[in-house]
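Below you'll find the structure, written out as structure tokens, and then a few comments.
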Amino acid sequence: MVMLFQTESATEQQESKKRKLSASHHMTPLVTISDTNHSAANTVMSFTTAVRCWELLHGNDCLRKDFTRICQIWKTDNWHWLQTFQVELLMYEGMYTEAIQKLQQDESTTWSIRCNLQKASCYYMLNNYVQCSSCTAEILQTLNSTQEQQQQVQRSNRSQTTNMLSQPGPRRHLHLLITSRQNVLDYCVLLLTTCLKKRLYGSSTCGQQSDALLSSTLVMLQWNWPMEADTFIYIIDCIVQRACFTYKLFLNYVTNVDVLEEFAFLWKHHPNVVIDLLPISQAEIASKRALTRGVKQNASEDFKQAMIKQVASPCRDIEKLVQMFIISELETLQRALM
């Protein structure tokens, strides 16, 4: 079980600041499941029934003492399924710190993906996006180190996945996620993208965001393109407002043709905006040339050729590219999320 998240535009983010959302944490959360077969509804009903029974058994001191004594006799501490349910119960009740503490008691390799998924969910709900990213990176490392049973994984439609994993409105939403490789990947990437967007839109003024935040969001939104096109437009607006943008690893992680074309347009039609995307900066290029005359023209030609080469290069697997970014550039990602 994981927490679902909201995907909001800049306008919606600003409006949400004005709402009093604290009351929403006390609302009964919505519970859904990614499975669509006939037993899915029964699974959700079984969980909510179990929650009500647990609350009933802990409703007064007499029942609680009797139930505790029975648990001691039956040695329920060894029942892994009960420990799992207790974590999900804490998440259901909005007790995220307690859920994390309980999860930290079970760090076995067998359950590492499930534990980190739930910890990431809880850290997200606590607005601790740095720890959320750490858990996500651990999940991806575990997936990469696990031998795949199938060489070819049928990828789900990402627009459908996004709709399933993100819900509008302030109501808390818990989801029983089927932990297939693709579901886990989609959830992790969309979760981190949501964290970055909250930081991106959270700035009071467009243009105050750091290079680390703008570049990290730029890389991540490629996963769900073109559904994240509005966020990309907002990033471009921020760069124009700042009048500068530096990202030395741009050519390593940005391959989307629409994004590349927009940066080429920005370079050509906004000469007042300083864009430094090449591994060697314009200043370094100038220092290495014997003649400074024509340096700007030469730098422009270097940029143009780099963009042409990037567009013409063989299409890279966006799934592998984003995974590599999260794992290899975790420090930059966490700096963006601070």
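The values are calculated or read from the model by the stated rules, or taken from the named source; none is laboratory data. Everything numeric here is computed off the predicted structure, so don't read it as measured data. A quick note on method: Cβ atoms are made from the backbone with ideal geometry, for glycine too, and the neighbour counts reach across all protein chains shown.
So, in the range 238-259, exactly how many residues are within 14 Å of residue 307 (Cβ to Cβ), hydroxyl-bearing (Ser, Thr, Tyr) and surrounded by fewer than 21 Cβ atoms within 10 Å (Cβ to Cβ)?
Residues flagged as within 14 Å of residue 307 (Cβ to Cβ), hydroxyl-bearing (Ser, Thr, Tyr) and surrounded by fewer than 21 Cβ atoms within 10 Å (Cβ to Cβ) within the range 238-259 amount to 1.
Take the range 123-155 and flag every residue that is outside any helix (DSSP H, G or I) and either in the same structural domain as residue 332 (by TED's automatic domain parsing) or modelled with pLDDT of 75 or more (or both). It would help to see each step written out before you state the result.
Just the residues of the range 123-155 that are outside any helix (DSSP H, G or I), to begin with: 126-128, 146-155.
Matches in the range 123-155: 126, 127, 128.
So the check is Cβ under 7 Å with 6+ separation or different chains; which pairs have a first residue in the range 220-234 that's assigned by TED's automatic domain parsing to the domain that holds residue 249 and charged (D, E, K, R) and a second one that's assigned to a loop (DSSP other than H, G, I, E, B) and surrounded by fewer than 21 Cβ atoms within 10 Å (Cβ to Cβ)?
Every condition considered, the pairs that remain are 230/9.
The conditions are (1) out of contact with any Ser or Thr (no Cβ under 9 Å at 6 or more places or on another chain); (2) modelled with pLDDT under 90; (3) surrounded by 15 or more Cβ atoms within 10 Å (Cβ to Cβ); (4) of a type outside the set (Val, Ile, Thr), and residue 302 fails exactly one of them. Which is it?
Of (1) out of contact with any Ser or Thr (no Cβ under 9 Å at 6 or more places or on another chain); (2) modelled with pLDDT under 90; (3) surrounded by 15 or more Cβ atoms within 10 Å (Cβ to Cβ); (4) of a type outside the set (Val, Ile, Thr), only one is false for residue 302: (3).
For the range 56-104, please list each of the helices (runs of 4 or more DSSP H) lying entirely inside it that holds at least 3 residues being of a type in the set (Gly, Ala, Ser), surrounded by fewer than 15 Cβ atoms within 10 Å (Cβ to Cβ) and at pLDDT 90 or above. Reasoning before the result, please.
On the way: elements: 61-74, 80-92, 96-103.
Passing ranges: none, list empty.
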